[in-house]
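**Student:** Below is a structure I'd like to ask you about.
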Amino acid sequence: MIVSEPVKSQAQQPTASKKVKPWPAKFQADVFQMVSDLLKVGFSVRHAFKFCEVVFKTHLADLRQINQQLQDGQSISGTFEPYIDEQISTQLKLAEKHGQLSQSLSQISRLLTTAHQRKERIKRLLQYPFVLMLILAVVFTGLKIFVFPEIRELTDAPATTGYVYGLVLLGWCLACWVSVFGCRSSSHLP
């Protein structure tokens, strides 16, 4: 008895079903800006993405797959879908539908760049309270290990662990208050 194997369609190929990692926002912004600029100076969509393969070596396999899918006739939004956010994919679909691809890619690039800059700024702002907490912990540890035993020895007083824990709790509350309200007030800066 001969059993025939089912023929795999393109949708069933392992490369299409393989889970891919979304691109970082900065890389997405760079690719979209490059393609937008190339479209504005007269490159075709296919040649613009082929040029991106040369420029962006870090995601070469992804860009080659996108270029191959474009050559096979798939839409731009469909080829980018595994690598980008759903909102950006929707913007690309609308741009394809209304013929504003170059302008839309440029706008998407600006939005992604702004989002990336905000994220980096928030990271930098959040580092400050953590550094303060670390310094505070080192100071209190130093006090508990070196200073308080010496004071206890000089005064012959009983251990003041409750006092130390109270200071630590007060310092921790103060640091939390500064980090929460300090970040809020600095977020209004331009």
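The values are calculated or read from the model by the stated rules, or taken from the named source; none is laboratory data. This one's a predicted model, so the numbers in the text were calculated from it and none came from an experiment. Heads up, the Cβs are rebuilt from the backbone with ideal geometry, glycines too, and the neighbour counts pull from every protein chain shown.
**Student:** Can you name every residue in region 112-126 that is without any contact (Cβ under 8 Å) to a residue 12 or more places away in the chain and surrounded by 11 or more Cβ atoms within 10 Å (Cβ to Cβ)?
**Tutor:** Thr114, Gln117, Arg118, Glu120, Arg121, Ile122
**Student:** OK, next. Please state which one of Ile145, Ile151, Ile108 is in a helix (DSSP H, G or I), in contact (Cβ under 8 Å) with a residue 60 or more places away in the chain and not polar (S, T, N, Q).
**Tutor:** Ile108
**Student:** Let me ask another. Being assigned to a helix (DSSP H, G or I), in the same structural domain as Phe27 (by TED's automatic domain parsing) and either modelled with pLDDT of 90 or more or within 22 Å of Lys19 (Cα to Cα) (or both) is the requirement here; does Gly78 meet it?
**Tutor:** The answer is yes for Gly78.
**Student:** Residues in region 1-46 that are more than 23 Å from the chain's Cα centre (by Cα), modelled with pLDDT under 90 and not hydrophobic (A, V, I, L, M, F, W, C): how many?
**Tutor:** Number of matching residues: 13.
**Student:** Is it the case that region 121-129 has a residue that's in a helix (DSSP H, G or I) and at pLDDT 90 or above?
**Tutor:** The answer is yes; a qualifying residue exists.
Per-residue answers, yes or no, for (1) closer than 30 Å to Gly78 by Cβ; (2) acidic (Asp, Glu); (3) not assigned by TED's automatic domain parsing to the domain that holds Val45:
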| residue | (1), (2), (3) |
| --- | --- |
| Thr90 | yes, no, no |
| Lys93 | yes, no, no |
| His98 | yes, no, no |
| Leu105 | yes, no, no |
| Ile135 | no, no, yes |
| Val139 | no, no, yes |
| Leu143 | no, no, yes |
| Pro149 | no, no, yes |
| Asp156 | no, yes, yes |
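**Student:** Looking at this structure, is Pro129 touching a residue at least 40 places away in the same chain (Cβ under 8 Å) and either within 21 Å of Gln33 (Cα to Cα) or surrounded by fewer than 12 Cβ atoms within 10 Å (Cβ to Cβ) (or both)?
**Tutor:** The answer is no for Pro129.
**Student:** When residues of region 83-97 are filtered for being more than 24 Å from Thr58 (Cβ to Cβ) and either of a type outside the set (Asp, Glu) or loosely packed, with under 12 Cβ neighbours inside 10 Å (or both), how many remain?
**Tutor:** 5
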